[in-house]
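The block underneath contains the structure these notes are about, expressed in C-alpha cells.
Readers should treat all values here as calculations from the given coordinates under stated rules, not as data from a laboratory. Worth saying up front: this structure is predicted, and the values here are computed from it rather than measured. FYI the Cβ positions are ideal-geometry reconstructions off the backbone, even for glycines, and counts take in every protein chain you see.
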There are 2 protein chains.
Amino acid sequence: MKSTQISIKEIARLSGVSVATVSRVINNNGRFSEETREKVIKVIEENQYEINSIAKSLRMNKSQTIGVLVPDISNEFFAAVVLEIERFFFEEGYSTIICNTAKNADKEKEYLKTLDGKMVDGLVCISGQEEVLTNILKRKVPIVCIDRRPKVHSNVAFVESNHYEGGRMATEELIRKGCRDILVLTKKNNLSSVNERLSGYMDALKEAGLPVHEYQIVYIDTKKDNLEAAKLAIQNQLDQRISFDGIFATNDWMGLGALLVLQENGYKIPEQVKIVGFDNILISKYCNPPMTTIDQDRVVLANKACRFLLDMIEGNALASELHQVVPVTLIQRHTT
Amino acid sequence: MKSTQISIKEIARLSGVSVATVSRVINNNGRFSEETREKVIKVIEENQYEINSIAKSLRMNKSQTIGVLVPDISNEFFAAVVLEIERFFFEEGYSTIICNTAKNADKEKEYLKTLDGKMVDGLVCISGQEEVLTNILKRKVPIVCIDRRPKVHSNVAFVESNHYEGGRMATEELIRKGCRDILVLTKKNNLSSVNERLSGYMDALKEAGLPVHEYQIVYIDTKKDNLEAAKLAIQNQLDQRISFDGIFATNDWMGLGALLVLQENGYKIPEQVKIVGFDNILISKYCNPPMTTIDQDRVVLANKACRFLLDMIEGNALASELHQVVPVTLIQRHTT
C-alpha cells in the first residue's frame, strides 16, 4: 500500500512544516501559503504519498459514509427503501454502504462491528431484530430505525408506517364488501409491525360487532417462505372445513399464496372469498386478479429517516421527531 | 473516539515492549510470552484502548471485507446474486458491503473510491457500465465482474450467463411452437449481455430459414421503465399494422409489457401471439398466463464469481478460469 510508504510526519519533516500544515494542505483546508502548498505537494509527489481515506477518517473522525443494515435485500419493499436512502445521501455528499443481515442476529452483530469499524457517520437499520445492539458499537453513532421499534436509547430514532391503521383499513375494506368471517394470515415473530397490523384487524372486527374467534388468526410456518406457508395454512383451513369469506394477509406474498390455493381448490376470487394484502409489491399488481392491498410509502419513510439521521449527524435533531409515523393507503384492486 | 485516546506506540512505551510486540498481542499472532501478553493487555485495559478495525486494516493491509457494486439493488436478479455473494463470503469470514450505482457512471466512480478507501480485499462488479475504471483504484484490488465484460486487465475476471445460447433457445422455442414472424424486444445500451441475446435470436431465425427484417428488431425507449416502454413499443407495432405471431423479449419486464398491451388490444396469448421472456423473475411465474422464459442460474453465477475472487485474494487463481460462462435453461410456461 503506497500510503504507508511515507507517513504524514515524514512529509512534514521533509517539507520543513508542521504535521498540522501538511494535514491542511492534504484536506485543502485554508490557512497556508501557496509556497507552503507547493513545497508539501512536491514532497508528496516525490514520495508517492497518496491520501488514503481510512487514514483520513482516523484523523478527522468523519468518513462521509452511511451504513445501512437490511434483513433481506431481495425483498422488494426493503430494496426500494434502500434505493431512496442511497439517493438521499448521495446528494448530501455521503456514500451509502449496505449490509445484508439475512435476518440473522449473529450476522447483524458482525455487520454492526464492520460498519462501526469502517467509521460510518450514521446508521440506518431496516426491520429485522427488534433490539438494536448499540452496545456493540465502540463509537457513538447516530442511528435511525425504519419499521422496527428500538429499545429506548438517546441516539436511536425510528420511522415506521402506520401498521395499526393499515390493518384496520384492510379489514374495514373486507367488511364493507360484505365479508363476515374474516381470517387473518400472520406470523409469530414478535415484530411490532406485524403485531400492529393484527391489532388493527381485531379492532376493526370488534368495532363492526363481529366476533374474533381464535381459529380466525392463522399463523403461517415461518420456516417456509411466505407464499408456500400461506398456501399450506389456507389448505389446512379448507381441509378442516372452516368457513370464511374474507382474508386479510399481513403481507402480499401471503395474500398471493391464499389466492393461488383457493383458485386451485375451485374458489372464485373475489366472488366467494375476498383478499387484502399488505405492502403493495409489484406482484400484487400483476397477479390474477390484481390484489387489493395496503401501500406503505417507501419514499416518505426513507426520506424522513434520512433527514432525521442527517440532523443527528449535524447536531440539529429535534427530540419531538425521534418517533415518526407515516400514513398508509388502501389500494383497491380486484380481489375485493 | 476511544481508539485514538492512546496510540499503539504509547502502549508499547507503557508496557516496555516494542510496537511490533503490541501488534502481535492485539492480533493474537504468536511469538510473545504469557507474561508479555498480560503486561500489554493490562496497559490496554487501563487505557481503554480498543482495537479499531480501520487502524488494524492500515497495519495489516487486509480488511476481511468484500465490496459489491450493483447497478440497481431493486432488480430481483441482481438482488438474488448479491444475496448469494454475501452468503458465500460470510462463511469465509468476510463482510460484504454493497454499493448501489444507480447505473450512473459518476456514482460508480465515487463508490469505487469509497470501497477502495475502505480497504476492501476484493470487488464484485455486477453489470452496469462495460468498463471497470480500475485506474480509479489506488490499491491493486482483485475484481470479478458478473454479466459484464471488462476491458482486458490482468486482475479483472468475469463470469456471465450464456446469453447467446439463451437468445437462441428462446427463439427456437417460438419457432418450434409454429411462429414465423418473430419480433425481438430489446434495448440499445451496448451491454454485451443484451447484444448476445440479440445475436442468438438472429442466428436461430437464419438457421430456420426465416428472414430477419429490420422492423422485427424493436428497440424500447430506455428513458422509460421496461414494462411501460415495451407496452408503447408493441402498441406502436400494432398501430402500424405490422403483423407478428411471436415475441422474444430480452427481459421478463418487457415480456410482461408485451403480454399486457396485447391483452388490452384483445389478443389471445398464446393462441394468437406467443411470448418468451428472459431472467425468470418471480413476476414471470405469477403473471397471467405464466410466461415462458430463460432462467439464469443466479446461485452458480454468484458462487463461481466468489470462488474465483477468493482464489485471487489468496493468490491461487488460475488464468484458465478468468472467463467463465454459465449455462441457461428454458422454462416452459403458458405463453408459448
Quiz prompt | Pseudo-label separations to other copies for A:R180 - Cα-to-Cβ vector, 7 Å, nm | solution = 6.0
Practice problem: Report relative contact order for region B:200-336 in percent, whole number only (criteria: Cα-Cα under 8 Å, sequence separation at least 6). | Solution: 20
Exercise. Over 25 Å between C-alpha atoms is what I'm after, so list which of A:K138/B:K304; A:K113/A:K188; B:K177/B:K206 land there.
Key: A:K138/B:K304; A:K113/A:K188
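For chain A, compute the orientation-averaged projected area of the C-alpha convex hull (one quarter of its surface), in nm². Provide the component values of the computation, followed by the final result.
Details: hull surface 81.7 nm².
Orientation-averaged projected area of the Cα hull: 20.4 nm².
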Quiz item: Shape call for region A:92-241 from the C-alpha gyration tensor, a ≥ b ≥ c root eigenvalues: rounded (a/c under 1.5), prolate (a/b greater than b/c) or oblate?
Solution: prolate
Quiz item: What is the distance, in nm, between label points placed 7 Å from the Cα along the Cα-to-Cβ direction at A:M202 and at B:S18?
Solution: 6.8
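Taking R0 as 22 Å, what FRET efficiency do you get between B:S192 and B:D311 from their Cβ-Cβ distance, rounded to the nearest 0.05? Before the final figure, lay out each step's value.
Values: r = 23 Å, r/R0 = 1.07.
Calculated transfer efficiency: 0.40.
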Quiz item: Helix B:298-313: angle to the longest alpha-carbon principal axis of chain B, degrees 0 to 90, nearest 10?
Solution: 30
Exercise. Give me the distance in nm between label points sitting 7 Å out from Cα along the Cα-to-Cβ direction at A:Q332 and A:L232, one decimal.
Key: 3.7
Quiz item: Hull surface divided by four, with the convex hull built on the Cα atoms of region A:164-296: how many nm²?
Solution: 7.2
Self-check item: Among A:A80, A:A258, A:A249: highest mean-square fluctuation, GNM of chain A, C-alpha pairs under 10 Å
Solution: A:A80
Quiz prompt | Among A:S33, A:S74, A:S63, residue whose mean-square fluctuation peaks in a GNM of chain A (springs only between Cα atoms under 10 Å) | solution = A:S33
Quiz item: Using alpha carbons only, how many degrees (0 to 90, rounded to 10) separate the axis of helix A:163-176 from the longest principal axis of chain A?
Solution: 30
Practice problem: Return the calculated 222 nm mean residue ellipticity for the protein assembly as shown, to the nearest 500 deg cm²/dmol, obtained by summing -39500 (n - 2.57) across DSSP H runs with n ≥ 4 and dividing by the residue count. | Solution: -13500 deg cm²/dmol
Quiz item: How high is the FRET efficiency from B:K177 to A:Q240, r the C-beta distance, R0 41 Å, rounded to 0.05?
Solution: 0.45
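Under the classification rounded if a/c is under 1.5, otherwise prolate if a/b is larger than b/c and oblate if not, where does the protein assembly as shown fall, given a ≥ b ≥ c as square roots of the Cα gyration tensor eigenvalues?
Note, shape of the protein assembly as shown comes out oblate.
Can you compute the charge dipole magnitude of region B:241-336 about its Cα centre, using +1 on each Lys and Arg Cβ and -1 on each Asp and Glu Cβ, nothing else charged? Give it in debye, rounded to the nearest 20. Could the numbers behind the result be given before it?
Working: 8 positive and 10 negative charges, 59 e Å.
Taking the Cα centre of region B:241-336 as origin, the dipole is about 280 debye.
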Quiz item: Structure shown: which of A:K109/A:K223; A:K107/B:K39; A:K9/A:K62 lie over 31 Å apart, alpha-carbon to alpha-carbon?
Solution: A:K107/B:K39
Quiz item: Under unit Cβ charges (Lys, Arg +1; Asp, Glu -1), what dipole magnitude, rounded to 20 debye, does the protein assembly as shown have relative to its Cα centre?
Solution: 1680
Quiz item: Tilt of helix A:34-46 relative to the longest C-alpha principal axis of chain A, in degrees (0 to 90, nearest 10)?
Solution: 80
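When only Cα pairs under 8 Å and 6 or more residues apart are kept, what is the percent relative contact order across chain A?
Working: 602 pairs, mean separation 52.3, N = 336.
For chain A, the relative contact order is 16 percent.
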Practice problem: For chain A, set up a Gaussian network in which alpha carbons nearer than 10 Å are linked by springs, and say which option among A:H163, A:H323, A:H213 fluctuates the most. | Solution: A:H213
Quiz prompt | Calculated label separations, B:S192, copies of the chain, 7 Å along the beta-carbon direction, nm | solution = 4.9
Practice problem: Every other copy gets compared here: list the nm distances from the B:E10 label point (7 Å along Cα to Cβ) to its counterparts, shortest first, one decimal. | Solution: 2.4
